[in-house]
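See structure below.
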Amino acid sequence: MADISKEFSYPQEGEVSYYQNNSVDPRWGGITKSGEKFDENAMTMAILPEHWKKYKGKQFKVSDPITGAFTIVKANDTGGFKKYGRIGDLSKSAFSKLFKIKQGVGKVRIEPYD
């Protein structure tokens, strides 16, 4: 598990989970931190709130270090997954490019993508 208590630098390896339309909190209407409506089919990622200012709207390459499979996502949201030791939350679609949905979590490598 990544040490997410230190400065977030790239590349970073750690666990991610996913979220989908029926798991978003209805109190905020499904709107992401960026102001976009959350879409589980979009290639997006939620990052830690303390990294939002620096990385909002940036693209990242998220890869499975074992298989080499990867996907490109945009950081458009934040989440409370740090308490579970995770470094991010992928949209359902992005997660499914790397892992089986029923797996729930997966180990990834995240790096900026230009």
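Numbers below:
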{"read-out": "Within straight-line cross-link reach of residue 58, lysines at Cα separation under 22 Å, skipping those fewer than 8 residues along the same chain", "value": "6, 33, 37, 74, 82, 92, 97, 107"}
{"read-out": "Point-charge dipole on Cβ atoms (K/R +1, D/E -1) for the chain, about Cα centre, debye to 20", "value": "100"}
{"read-out": "Listed candidates (i) 87, 26, 4; (ii) 22, 18, 11; (iii) 19, 16, 13 - label of the one calculated as semi-axes √(5λ) of the Cα gyration tensor in Å", "value": "(iii)"}
{"read-out": "Whole-Hz ³J(HN,Hα) from phi, Karplus 6.51 cos²θ - 1.76 cosθ + 1.60, for the stretch 92-108, glycine and proline x", "value": "4, 5, 5, 4, 5, 6, 10, 9, 6, 3, 4, 5, x, 9, x, 8, 9"}
{"read-out": "Calculated from backbone phi, Karplus (6.51, -1.76, 1.60) coupling profile of the stretch 46-54 in Hz, x at Gly/Pro", "value": "9, 10, 5, x, 6, 9, 4, 4, 7"}
{"read-out": "Relative packing of 55-65, 91-101, 30-40, which averages over residues the other C-beta atoms within 10 Å, highest first", "value": "91-101, 55-65, 30-40"}
{"read-out": "Simple spin-label estimate for residue 114 and residue 69 in nanometres, 7 Å along Cα-Cβ", "value": "2.9"}
{"read-out": "Estimated 222 nm signal from helices in the chain, with DSSP H stretches of n ≥ 4 weighted -39500 (n - 2.57), rounded to 500", "value": "-1500 deg cm²/dmol"}
{"read-out": "Inter-label distance, nm, simple model (7 Å from Cα along the C-beta direction), residue 103/residue 36", "value": "2.3"}
{"read-out": "Given charges at Cβ of Lys, Arg, Asp, Glu: the chain dipole, positive-most of 55, 11, 23", "value": "23"}
{"read-out": "Amide hydrogen neighbours beyond the local backbone of residue 69, cut-off 5 Å, H modeled", "value": "64"}
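Read the figures in this text as sums done on the coordinates, not as results from a lab. Small disclaimer: the values here were computed from a predicted structure and weren't measured. FYI the Cβ positions are ideal-geometry reconstructions off the backbone, even for glycines, and counts take in every protein chain you see.
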